[in-house]
Amino acid sequence: KNVFIMHAYPPRDFIMNNIEKIDGESIVYFGNVTTEPNFTYGYRYYNDIFKTLAENNIKVYLYLSRPLREEEKKYYYNHKKIFIFNKIPHYSLYQEICKYQVGFAGYNIIGVPSYAVQYVKYCIPNKTFDYMYAGIPTLGYNLGLAEKYVKKWGYCINEGGCIVDAYYKAKSLACNINFEYFRKKYNIEKHIPEFAKVYYSVFPENTISS
């Protein structure tokens, strides 16, 4: 049985303009968060991670996929160096996040059900490639399989590693990463022929005759 896997590569046609970095140390994350680790999505429990960064004078910018729940507001709104933004369209994402120093991609695995830990070990999330495409290094945390990509344009640690040190190590890589090389290698358009081949093998009646 043949298996075809296409990762969530970014498209090449997003327009990237030169945007100045904001002042000071900064890290950005987009996606969801939770303040409860002991359930299916507990791998998005980042309270301690973001708090540690903020307490070490690294501003944390969160672009969330949904509004915060009340218990989450009590936590995140109490930190002066954690900034919350609403979800933005994906086509605007790279233009927005490129102004930060580092992008965060990772998972909490403490107190999370074992089946959810297995998921994060083998998934390849959008953020594997998105920060790279925006031209900022990635700080990877407990990334599992995705680490083999992220370490090419970022710095990765696992549980027990120092998140603050990892931030500075990731940031220090920025000048030595050939982002354009990786953009050309990991984009959705490059894989269209493979996708078309699979599509027409499943739906041969849609094949365009020459």
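Taking only the range 80-92 into account, find how many residues are modelled with pLDDT under 90 and in contact with a strand residue (DSSP E or B) (Cβ under 8 Å, 6 or more places away or on another chain). Matching residues across the range 80-92 total 3. Of all the listed residues (Ala170, Ala196), the sole one being in contact with a Cys (Cβ under 9 Å, 6 or more places away or on another chain) and on the phi < 0 side of the Ramachandran plot is Ala170.
Can you tell me which residue in the range 1-31 is nearest to Gly140 (Cα to Cα), limited to those that are surrounded by 15 or more Cβ atoms within 10 Å (Cβ to Cβ), at pLDDT 90 or above and not hydrophobic (A, V, I, L, M, F, W, C)? Result: Tyr29.
Residues satisfying the criterion are present in the range 32-41 (criterion: open to solvent by 20 Å² or more (accessible area, probe 1.4 Å), over 30 Å from Ile188 (Cα atoms) and of a type in the set (Val, Ile, Thr)). Within the range 88-103, residues that are closer than 19 Å to Tyr168 by Cβ sit with their Cβ atoms under 7 Å from residues that are aliphatic (A, V, I, L, M) and open to solvent by 10 Å² or more (accessible area, probe 1.4 Å), at 6+ positions apart or across chains, in these pairs: Lys99/Ile19; Lys99/Ile22; Tyr100/Ile22. The one condition from (1) open to solvent by 90 Å² or more (accessible area, probe 1.4 Å); (2) of a type in the set (D, E, K, R); (3) closer than 30 Å to Ala54 by Cα that Glu159 does not meet is (1).
Residues are listed down the side, and each one gets a yes or a no for (1) exposed (fewer than 15 other Cβ atoms within 10 Å of the Cβ); (2) more than 20 Å from Met6 (Cβ to Cβ); (3) polar (S, T, N, Q); (4) in contact with a Phe, Trp or Tyr (Cβ under 6 Å, 6 or more places away or on another chain):
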position	(1), (2), (3), (4)
Asn78	yes, yes, yes, no
His90	yes, no, no, no
Gly103	no, yes, no, yes
Tyr115	yes, yes, no, no
Gln118	yes, yes, yes, no
Tyr122	yes, no, no, no
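The values are calculated or read from the model by the stated rules, or taken from the named source; none is laboratory data. What you see is a predicted model, and the numbers here were worked out from it, not measured in a lab. Every residue, glycine among them, receives a Cβ derived from its backbone with ideal geometry; neighbour counts consider all protein chains shown. Each accessible area value is taken on the protein alone, full model and side chains, heavy atoms only, with ligands, DNA and RNA left out. Shrake-Rupley method; radii C 1.70, N 1.55, O 1.52, S 1.80 Å.
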